[in-house]
Amino acid sequence: MTSLLDTPLVRPGIGQGLKDVFRRRYLLKLLVRKEIKLRYRGSVLGVIWSYVKPAIQFVVFYIAMGVFLGLNKNVGNYAVYLFSGIVLINFFTEALNNAAKSIVYNSGLIKKIFLPRELFPVASVFVSAAHFFPQLVVLLIGCLLTGWQPTPLGIFAGFAGFLVLAMLSVGLGLFFSSVNVYFRDSENFVEMMLMVATWVSPVMYQWTMVHERLGDFWFAVYQSNPVTVGVELFHYAFWSTTSGGDAALAAPPQLFELWLPVALVVSAAVLALGQFTFRKLEVKFAQEL
Amino acid sequence: MSELSPITVEIKGISKQFVLRHTRSIKEALIWFLKGRKGDLSAKFHALRDVSLDIRQGETVALLGFNGSGKSTLLKHISGVMTPDEGTVRTRGRVAGLIEVGAGFHPDLSGRDNVYLNAAILGMSETQIKERFDSIVEFAEIGEFIDTEVRFYSSGMYLRLAFSVAVHSDPEVFLVDEILAVGDEPFQKKCLDKIQELVDAGQTLVVVSHDLDLVQRICSRGVLLEHGRVLKDGPSHDVVEFLRSRTKG
Ligand SMILES: Nc1ncnc2c1ncn2[C@@H]1O[C@H](COP(=O)(O)OP(=O)(O)OP(=O)(O)O)[C@@H](O)[C@H]1O
Ligand SMILES: [Mg+2]
């Protein structure tokens, strides 16, 4: 009983940010599992839906874009090109949308029990990663059917692209979820930003078109967006060997030597800013919610 | 409860102000800013004023006072949900408890899933939960309903399960806000016995309750709050008497 004297007096409610999320990873796991369970509750096909929906989407792309619109002429195997960008953007969109709402959404808990609040935006990103997985499977099947050849650098590019966007979602998620407690406009702003995100990255079109129109300087600005680099890395990973065309065109020059490190640094800076803002604002969450 | 027992909750001169009127949009804030920040964007009031309190290991403390006197707010400061504007709160060991029935329970999950989730929220590790799971279910007397979604539970069953998880989380400081009222007579007695057992084992207890008889039974010390200030602090019997005499007028 007296051993209690050995434990120090500490100030409750002062957390250590993302470190606490790692410390409470079992709780994180349960929170993520809860969301996934709730999503498929009451549906007969359950998790199969997550495979069927992207598969249908891919087939539609293949037929409508490739065969009817003839976009294959400009971009070889356009269906895979489009789909590999879209799955990554889907992940980012879902992760950030849900992360931005996560604190307000979990206000019932946050107002009553102390726990590391970073858990909620981080859990949202994990849940989105779980939903990303079936889409990745569909993409890989599409790739294999159209002559995909895995290369070590390609696989690395896939992981790197995902990592960049995951970091970015956590960082922006921390920022916007904490601001959302004070200004609910934050949610709407995020939705608008995500709508633009698809178009300021080469998801539908090719990076070469941007380079031709904008010139070197503005192209460099364009490239410093981590989402753009993520999408290009995914193209490199999944589409470049299936395009049947010029592999050099698959990715802009210096994608790995320059733009990937830039994207990592930008994402890390966003993560640091997100964490900083979150910690500044979180002390008043319970009373503002 | 001797003076030698270590302090588990140390509250030094804390004050807390709340904003009464909120501005929820950037537009309003901007207009206020552009108009030269005239007037207060929001009205404020003190929910806690210069509250100081030391609670030692093994003490059973009741926070008393009328509605809105700041009891729940004080409890939230001890749990870390809120942080004071002035002064400091420090605690020793793990602090957990029931601030509200079923906070952290999800109606669409089964009792089992909720036990795991809630126990983890209260800070239990995976092994601890697995070890204590049977005991939690047994104490709650939920039996075969454990795999039913909790939205089909009666409010009493809800409370039993929530309370059972909370007592099994075995914190050093246990906080209870206004929850013992929902259970039936036998369960209430069982809870009180369990609380007594935990207190005997060295746990510190802080409860908020309007049930003065109950308070006298389980708490040795009473702290009376009024408009966010400590009005009286002493043996629960005396404080309850004082409160009763005030009510009569
Ligand atoms: N987040 C908040 N924002 C603004 N005011 C708040 C907030 N939380 C509590 N208050 C106010 O602070 C005062 C004290 O509230 P508190 O919940 O601590 O009262 P209490 O003593 O627990 O009352 P009760 O007996 O009704 O439970 C109340 O006037 C309440 O309106
Ligand atoms: Mg209260």
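List of remarks:
- Qualifying residue in the range B:131-146 (condition: among the basic types (Lys, Arg), at pLDDT 90 or above and under 22 Å from B:Gln188 (Cα atoms)): yes
- Put simply, of B:Leu20, B:Leu34 the only residue that is within 20 Å of B:Glu226 (Cα to Cα), surrounded by fewer than 17 Cβ atoms within 10 Å (Cβ to Cβ), more than 10 Å from chain A (Cβ to nearest Cβ) and modelled with pLDDT under 90 is B:Leu20.
- Top-ranked residue of the range A:1-18 - restricted to ones that are more than 7 Å from chain B (Cβ to nearest Cβ) and not in a loop (DSSP other than H, G, I, E, B), ranked as modelled with the lowest pLDDT: A:Thr2
- Hits in the range A:54-79 - residues which are in contact (Cβ under 8 Å) with a residue 12 or more places away in the chain and under 30 Å from A:Val32 (Cα atoms): A:Pro54, A:Ala55, A:Gln57, A:Phe58
- Filter pass, B:Asp233 being more than 16 Å from ligand 2 (Cβ to nearest atom), in a helix (DSSP H, G or I) and on the phi < 0 side of the Ramachandran plot: no
- Test: residue in the range B:175-188 that is under 13 Å from the mean Cα position of the chain (by Cα), within 14 Å of chain A (Cβ to nearest Cβ) and away from ligand 1 (no atom under 16 Å from the Cβ): no
- Check on B:Val215, at pLDDT 90 or above, in contact with a helix residue (DSSP H, G or I) (Cβ under 8 Å, 6 or more places away or on another chain) and of a type outside the set (Phe, Trp, Tyr): no
The values are calculated or read from the model by the stated rules, or taken from the named source; none is laboratory data. What you see is a predicted model, and the numbers here were worked out from it, not measured in a lab. All Cβ positions, even for glycine, are placed from backbone atoms using ideal geometry, and neighbour counts span all protein chains on display.
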